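*Asks:* Got a structure here, written out as structure tokens. Questions coming.
The values are calculated or read from the model by the stated rules, or taken from the named source; none is laboratory data. Just so it is clear, the model here is predicted, and its values are computed rather than measured. Note that we place each Cβ from the backbone using ideal geometry, even for glycine, and neighbour counts take in every protein chain shown.
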Amino acid sequence: MTDQHPSGQSAALTYTSYLALDEVLAAQRPRSDEHDEMLFIVIHQVYELWFKQLLHELAHLQHMLEKVDTAHSVRTLRRALTILKVVVAQIDVLETMTPRQFTSFRARLDAASGFQSAQFRELEAVLGRRDGRMLEPYPQGPARDRIVAAMSRRTVFDSFLHYLAGSGYDIPLRHLNRDLREPWKADEDLQRVLVQVYGDDAGPSTVADLLVDLDEGMQEWRYRHVKMVERTIGAKAGTGGSPGVAYLRKTLFHPTFPDLWAVRSRL
């Protein structure tokens with residue numbers, strides 16, 4: 001319903017109303033009087049906004065790839081990469097908080113943990129992760145449904161393969177028609193096609209390299225996140241009993257697009 005002035009005219013759109021700033025700026029609700037809790041909340045809320053935008057950009061990227069639109073695929077990937085750099089850089093701000101400052105309000109977090117970020121799990125699924133354990137922290141509801149849906153449809157790499165097929169490359173049909181609920185497995189036949197893609201040095205090779213950049217950016221995020229957590233809580237369990245650094249270390253150095261890395265030694 002449109003807001004109305006007493007005169008009956010619609011209220012004019014303002015900067016505050018367009019951005020819903022009253023709601024956004026009222027969404028920080030510290031549970032202690034500790035100075036540093038506000039920073040902790042703001043940083044994580046901003047993360048979630050960037051995760052939302054990354055999901056928005058990657059959905060558009062998949063649409064552009066499947067339309068075999070190289071120019072818009074490249075532009076969208078470059079935007080996603082720039083967002084990812086900002087996400088990584090925000091860790092510098094969080095690292096201004098010392099372990100003692102975090103400990104001063106940590107107990108107030110109860111069971112809340114970044115491990116529960118449904119949007120990050122959805123992002124992982126869009127990029128190719130297929131792991132039923134991802135669903136364990138989420139009860140039945142919209143968040144769980146979004147992750148399940150993402151694990152049941154094409155990944156970014158699947159869309160890339162359709163893009164290559166639409167660009168005239170001989171992508172094996174078993175890959176184009178694969179069971180999308182299963183994790184991707186690196187394939188030498190596909191890697192031979194990727195060698196050809198790079199040899200042609202055209203639009204598809206640019207898209208492939210930007211996907212490598214995206215993969216590298218995700219790995220950089222994971223590494224910086226692990227080190228930030230380690231310097232803040234050491235080897236302690238995470239909030240809410242999450243596994244903490246021990247689990248996060250296991251996520252390091254696992255490529256999202258393994259074929260794009262494996263093919264480097266053939267070029």
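*Asks:* Is it the case, given these coordinates, that residue 19 is within 30 Å of residue 208 (Cβ to Cβ) and either surrounded by 14 or more Cβ atoms within 10 Å (Cβ to Cβ) or modelled with pLDDT of 95 or more (or both)?
*Replies:* no
*Asks:* Please find, among 58, 94, 77, the residue that is among the hydrophobic types (A, V, I, L, M, F, W, C), in contact (Cβ under 8 Å) with a residue 40 or more places away in the chain and touching a Leu at 6+ places or on another chain (Cβ under 6 Å). Give the derivation first.
*Replies:* Numbers: 58 fails: touching a Leu at 6+ places or on another chain (Cβ under 6 Å); 94 fails: touching a Leu at 6+ places or on another chain (Cβ under 6 Å).
Selected residue: 77, the only one of 58, 94, 77 that is among the hydrophobic types (A, V, I, L, M, F, W, C), in contact (Cβ under 8 Å) with a residue 40 or more places away in the chain and touching a Leu at 6+ places or on another chain (Cβ under 6 Å).
*Asks:* Out of (1) among the aliphatic types (A, V, I, L, M); (2) surrounded by 12 or more Cβ atoms within 10 Å (Cβ to Cβ); (3) farther than 23 Å from residue 29 by Cα, what's the single condition that is false for residue 87?
*Replies:* (3)
*Asks:* Another question, if that's okay. Looking at the stretch 199-209, can you tell me whether even one residue there is in a helix (DSSP H, G or I), hydrophobic (A, V, I, L, M, F, W, C) and buried (at least 19 other Cβ atoms within 10 Å of the Cβ)?
*Replies:* Checking the stretch 199-209: at least one residue is in a helix (DSSP H, G or I), hydrophobic (A, V, I, L, M, F, W, C) and buried (at least 19 other Cβ atoms within 10 Å of the Cβ).
*Asks:* For the stretch 179-191, indicate whether the set of residues that are modelled with pLDDT of 95 or more, in contact with a His (Cβ under 7 Å, 6 or more places away or on another chain), farther than 18 Å from residue 54 by Cα and part of a helix (DSSP H, G or I) is non-empty.
*Replies:* Taking every residue of the stretch 179-191 in turn, at least one turns out to be modelled with pLDDT of 95 or more, in contact with a His (Cβ under 7 Å, 6 or more places away or on another chain), farther than 18 Å from residue 54 by Cα and part of a helix (DSSP H, G or I).
Residues are listed down the side, and each one gets a yes or a no for (1) under 25 Å from the mean Cα position of the chain (by Cα); (2) crowded, with 18+ Cβ neighbours inside 10 Å; (3) among the hydroxyl-bearing types (Ser, Thr, Tyr):
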site	(1), (2), (3)
98	no, no, yes
105	no, yes, no
122	yes, yes, no
130	yes, no, no
145	yes, no, no
158	yes, yes, no
179	yes, no, no
192	no, no, no
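*Asks:* Yes or no: residue 61 surrounded by 14 or more Cβ atoms within 10 Å (Cβ to Cβ) and either part of a helix (DSSP H, G or I) or in contact with a Phe, Trp or Tyr (Cβ under 6 Å, 6 or more places away or on another chain) (or both)?
*Replies:* In short, yes.
*Asks:* Could we say that residue 68 is of a type in the set (Val, Ile, Thr), surrounded by fewer than 17 Cβ atoms within 10 Å (Cβ to Cβ) and either over 24 Å from residue 212 (Cα atoms) or under 18 Å from the mean Cα position of the chain (by Cα) (or both) here?
*Replies:* no
*Asks:* Are there any helices (runs of 4 or more DSSP H) wholly within the stretch 89-173 with 1 or more residues that are farther than 21 Å from residue 32 by Cβ, and if so which?
*Replies:* Of the helices (runs of 4 or more DSSP H) lying wholly inside the stretch 89-173, those with at least 1 residues that are farther than 21 Å from residue 32 by Cβ span 118-126, 142-150, 156-166.
*Asks:* Which is closer than 22 Å to residue 163 by Cβ, of a type in the set (A, V, I, L, M) and within 13 Å of the chain's Cα centre (by Cα), of 118, 80? Walk me through it before giving the result.
*Replies:* Values: 118 fails: closer than 22 Å to residue 163 by Cβ.
Going through 118, 80 in turn, the sole match is 80.
*Asks:* Out of 138, 163, I need the residue that is over 17 Å from the mean Cα position of the chain (by Cα), closer than 20 Å to residue 255 by Cβ and in contact (Cβ under 8 Å) with a residue 12 or more places away in the chain. Which one?
*Replies:* Details: 138 fails: closer than 20 Å to residue 255 by Cβ.
Going through 138, 163 in turn, just one is over 17 Å from the mean Cα position of the chain (by Cα), closer than 20 Å to residue 255 by Cβ and in contact (Cβ under 8 Å) with a residue 12 or more places away in the chain: 163.
*Asks:* Also, quick follow-up: Take residue 167 and decide whether it is among the hydroxyl-bearing types (Ser, Thr, Tyr) and closer than 30 Å to residue 46 by Cβ. Please lay out each step first, then the result.
*Replies:* On the way: among the hydroxyl-bearing types (Ser, Thr, Tyr): yes; closer than 30 Å to residue 46 by Cβ: no.
Spelling it out, it is not the case that residue 167 is among the hydroxyl-bearing types (Ser, Thr, Tyr) and closer than 30 Å to residue 46 by Cβ.
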